[in-house]
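J.: Dropping a structure here in structure tokens format, bear with me for questions.
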Amino acid sequence: MCFACRVVGRRLGLPLVPVLPARLCPVPGPLYTILLGYKEAPVREARDRFGPMVLALFGAFLHDHGPCVCAAAGGPIDVVLPVPSSRRPTGSPLRTLRGLATAARAPFSGAQWVPDLLRRGPGPVGHMHPDGAAFSVPEPRRALVRGRRVLLLDDTYVSGARAQSAAAALRRAGAAAAVIVAAGRVLRPDRVPLHAAFLRAIGPCAAGGLESTGAAEGSRCWRCAQTGAGTE
């Protein structure tokens, strides 16, 4: 477990839920430009160009690794939603990604897309600072969660404070399990020597070069490598 996970888990006071990153995302780098640009680029044409790339990345990963996601959750996925924003009044930018609901549900027969399942709570949340009260499931919607397995989608996973806080709210509401799939697991090789050493050790192909935004043919996620199971 990395330093950020240890800190976030300790501060949250709960075991962390599994995280499956579609790609490693060194900063600076082209993937980070895309994952930041689809929601932050000041020019609409840039946002319109980056959005389909983010959609393709999620779609390819979930298509190839849907069984891995279910294995991490302990069974079939029932509900899918984006990790809520902690500061945007309009909610998660992933909610506006046209086609994501269809792509995210496709590998999981019968799964529901419920983007507004979580609402912002009173707890403060920020980098390395999760809070179990940062999000909540409104009482009328708890029937959608109780006893079910939930997939949370996030664009970038840095310390995981926001995503893990959202997962904690789902578990408090009675979810049987939660899993996080992040488009990019952010690494800072320019600032963190361990990140630089890790990227050197795995090589540029395993780090997820951006020749395309889809998963490389024959690629394996951490779950595949852990279990030795195929993805089909």
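The numbers here are math on the coordinates, done by the rules we state, and not lab data. If you're wondering where the values come from, they're calculated on a predicted model, not measured in any experiment. Reconstructed Cβ throughout: ideal geometry from the backbone, glycine too, with neighbour counts over all protein chains shown.
J.: Can you pull out every residue in region 158-208 that is under 11 Å from the mean Cα position of the chain (by Cα) and in a loop (DSSP other than H, G, I, E, B)?
T.: Within region 158-208, V158, G160 meet the criteria.
J.: Further, regarding this structure: Given the structure, is G51 surrounded by 17 or more Cβ atoms within 10 Å (Cβ to Cβ) and either small (G, A, S) or in contact with a His (Cβ under 6 Å, 6 or more places away or on another chain) (or both)? Quick ask: steps written out before the conclusion?
T.: On the way: surrounded by 17 or more Cβ atoms within 10 Å (Cβ to Cβ): yes; either small (G, A, S) or in contact with a His (Cβ under 6 Å, 6 or more places away or on another chain) (or both): yes.
It is true that G51 is surrounded by 17 or more Cβ atoms within 10 Å (Cβ to Cβ) and either small (G, A, S) or in contact with a His (Cβ under 6 Å, 6 or more places away or on another chain) (or both).
J.: Within the set of pairs 6+ apart or on separate chains, which have a first residue in region 109-123 that is within 19 Å of G174 (Cβ to Cβ) and touching a residue at least 24 places away in the same chain (Cβ under 8 Å), a second that is in a strand (DSSP E or B) and among the hydroxyl-bearing types (S, T, Y), and C-beta atoms under 8 Å apart?
T.: Listed pairs, sorted by first residue: L118/S136; R119/S136; G121/S136.
J.: Got a number for residues in region 125-143 being within 20 Å of the chain's Cα centre (by Cα), surrounded by fewer than 18 Cβ atoms within 10 Å (Cβ to Cβ) and more than 20 Å from P18 (Cβ to Cβ)? Write out each step before concluding.
T.: First, the residues of region 125-143 that are within 20 Å of the chain's Cα centre (by Cα): 125-137.
Remaining after also requiring surrounded by fewer than 18 Cβ atoms within 10 Å (Cβ to Cβ): 126-129, 133.
After this cut, where a residue has to be more than 20 Å from P18 (Cβ to Cβ) as well, the list is 126-127, 129, 133.
Looking only at that region, the number is 4.
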